[in-house]
Amino acid sequence: MKKEEFLSSRHWRYATKKFDPDKRVSPEDLDLIIEAIRLTPTSYGLQPFKVLAIENTKLREALREAGFGQSQFTDASHLLAFAHLETFSEELIDRFARLVREIRNPEPEKIEGYASFLKTLFGSWTNDEKSRWADKQMYIALGNALQAAAELKVDSCALEGFDIEKANALLQLPVGLKVTAFLALGYRSTEDKTQHLPKVRVAHEDLFVRL
């Protein structure tokens, strides 16, 4: 892949403020973005989050109200909610160990030792520490989804400006899950003036340091 191709999607994408409600993301492209989320690297490989596809029109309208009227909640083709685990038990680690055994078939003592290490580690954490850690892992997945969408030339906007408590009440999630971000996917409206604005980023020398 040439440098120009590598950077083109990153320059092309922007936080879409106004979507065209008449344009839909194809099922094939949506599946690719969702698969990119699933393949996201996470700490210890535990994937402590879930992603919800919000399809109910009335729910999306209510979420728009919780999002202080942001049109992306209703006008985008698709709306994904990113929910992290506020706490978790050893079952999360057991799930990972079970998958490793099924997929890699390692020597039993190796995966048992690794699982034991993780249980000891997380067993010393408070629920607040677990929640903050899980939220960070979730944001890695959100960033991966943003780039995957850009590579497919699907417009996107990560949404954090909403009443978190109200949105979670509307979603009626199981205890232990909390949404702190949404991802709107679709296609930019020709009326969205922000698409023509140049990107604002700090200079390379102001961001990176060689030691």
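Residues in the stretch 18-49 that are surrounded by fewer than 18 Cβ atoms within 10 Å (Cβ to Cβ), of a type outside the set (S, T, N, Q) and in a loop (DSSP other than H, G, I, E, B): P21, D22, K23, R24, L39, P41. Residues considered: E129, E86, E107. Of these, the only one that is exposed (fewer than 15 other Cβ atoms within 10 Å of the Cβ) and closer than 30 Å to L159 by Cα is E129. Annotation note: Cβ proximity below 6 Å between a residue of the stretch 129-151 that is within 18 Å of A15 (Cβ to Cβ) and a residue that is among the basic types (K, R) (sequence gap 6+ or interchain) occurs for A150/R13. L52: surrounded by 19 or more Cβ atoms within 10 Å (Cβ to Cβ), closer than 24 Å to K136 by Cα and of a type outside the set (V, I, T), yes or no? No: the conditions fail for L52.
Evaluate the stretch 50-64: report whether one residue or more is over 15 Å from the mean Cα position of the chain (by Cα) and assigned to a strand (DSSP E or B). The answer is no; no qualifying residue exists.
Within the stretch 75-93, the residues that satisfy the criterion of being of a type outside the set (A, V, I, L, M) and either under 13 Å from F182 (Cα atoms) or in a loop (DSSP other than H, G, I, E, B) (or both) are S77, H78, F82, H84, E86, T87, F88, S89. Every condition in (1) more than 12 Å from the chain's Cα centre (by Cα); (2) loosely packed, with under 14 Cβ neighbours inside 10 Å; (3) farther than 17 Å from K18 by Cα is met by G143 except one, and the failing one is (1).
Evaluation of E102 against the conditions (1) over 23 Å from L177 (Cα atoms); (2) buried (at least 18 other Cβ atoms within 10 Å of the Cβ); (3) of a type in the set (D, E) shows that the sole unmet condition is (2). The sole residue among A97, A148 that is crowded, with 17+ Cβ neighbours inside 10 Å, over 28 Å from S189 (Cα atoms), out of contact with any strand residue (DSSP E or B) (no Cβ under 6 Å at 6 or more places or on another chain) and at pLDDT 95 or above is A97.
The values are calculated or read from the model by the stated rules, or taken from the named source; none is laboratory data. Everything quoted here is computed from the prediction, not taken from an experiment. When we count neighbours, we look across all protein chains shown, and the Cβ atoms used for this are built from the backbone with ideal geometry, even at glycine.
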